[in-house]
Amino acid sequence: MGRVADRLHSAAIHLLRRLRVEDEALGISAPRLSALSVLVFAGPKRIGELARIEQVEPPTMTKLVDGLVRDGLALREDDPDDARAVRVRATATGARTLRRGRAKRLATLRATLGTLSPGELAALGEGVDVLERVLGER
């Protein structure tokens, strides 16, 4: 089990490094892209909630959000549930940017997977099924 864990850890890091090249072409840091992803797919969030999801401290998230707002990828809006609070939401530009980055990462991944035999691709698909189950995503 330890050997599998070690290999999976290493493979995940290498895969993310390979795909990160596409993110760098967007000109947005990985932490900002991650926060933007939450806003696009999970909807508007308060800074504290976004910080918890992203596992950073609120001051760090405030700086990340400042950059997203400055670049027109997100905006702050009044929280309808608490007049003292603000929520952050992705703008249409932010959503398009995130989707464009995802499409580029997937294209890179598809090109890499295109070198596999049908049997290897099927085996990898089964491995992804298991990984999703382990992560509780299925």
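Since every read-out is calculated from the coordinates, none of them should be taken as a lab result. Note that the structure is predicted; figures quoted are calculated from it, not measured. Reconstructed Cβ throughout: ideal geometry from the backbone, glycine too, with neighbour counts over all protein chains shown.
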Computed over the chain, Kirkwood Rh from alpha-carbon pairs, angstrom: 17.0
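Placing unit charges on C-beta atoms (Lys and Arg positive, Asp and Glu negative, everything else neutral), compute the dipole magnitude of the chain about its Cα centre in debye, rounded to 20. Walk me through the numbers before you get to the answer.
Numbers: 24 positive and 19 negative charges, 75 e Å.
About 360 debye.
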Amide H contacts of T91 (H built 1.01 Å from N, under 5 Å, at least 5 apart or other chain): A74, L75
Segment D79-I53, extension gain: residue separation times 0.36 nm, minus the distance between their alpha carbons: 7.5 nm
Burial ordering of D23, D129, D81, fewest other beta-carbon atoms within 10 Å first: D81, D129, D23
Whole-Hz couplings from phi, Karplus 6.51/-1.76/1.60, listed for region 53-67; x for Gly and Pro: 4, 8, 6, 10, 7, x, x, 5, 5, 4, 5, 5, 5, 3, x
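Provide the gained length on full extension for the span L124 to S37, in nm with one decimal, where the gain is 0.36 nm per separating residue minus the Cα-Cα distance. Mind dumping the intermediate values first?
On the way: separation 87, 0.36 × 87 = 31.32 nm, distance 2.55 nm.
That works out to 28.8 nm of additional length.
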Contour excess over end-to-end distance, with Cα ends at L131 and D6 and 0.36 nm allotted per residue: 43.6 nm
Phi-based couplings in Hz for region 121-136 (Karplus 6.51, -1.76, 1.60; Gly and Pro marked x): 5, 5, 5, 5, x, 5, x, 5, 4, 5, 4, 4, 5, 4, 7, x
Gyration tensor (alpha-carbon) shape descriptor, region 15-92, a/c threshold 1.5: prolate
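Rounded to the nearest 0.05, what FRET efficiency do D66 and L26 give with R0 = 25 Å and r taken as the Cβ-Cβ distance? Could you check? Walk me through the intermediate numbers first.
Working: r = 18 Å, r/R0 = 0.72.
Plugging the Cβ-Cβ distance into 1/(1 + (r/R0)^6) gives 0.90.
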Under the Karplus curve 6.51 cos²θ - 1.76 cosθ + 1.60, θ = phi - 60°, whole-Hz ³J(HN,Hα) for region 23-28, x wherever Gly or Pro sits: 5, 4, 5, 6, x, 10
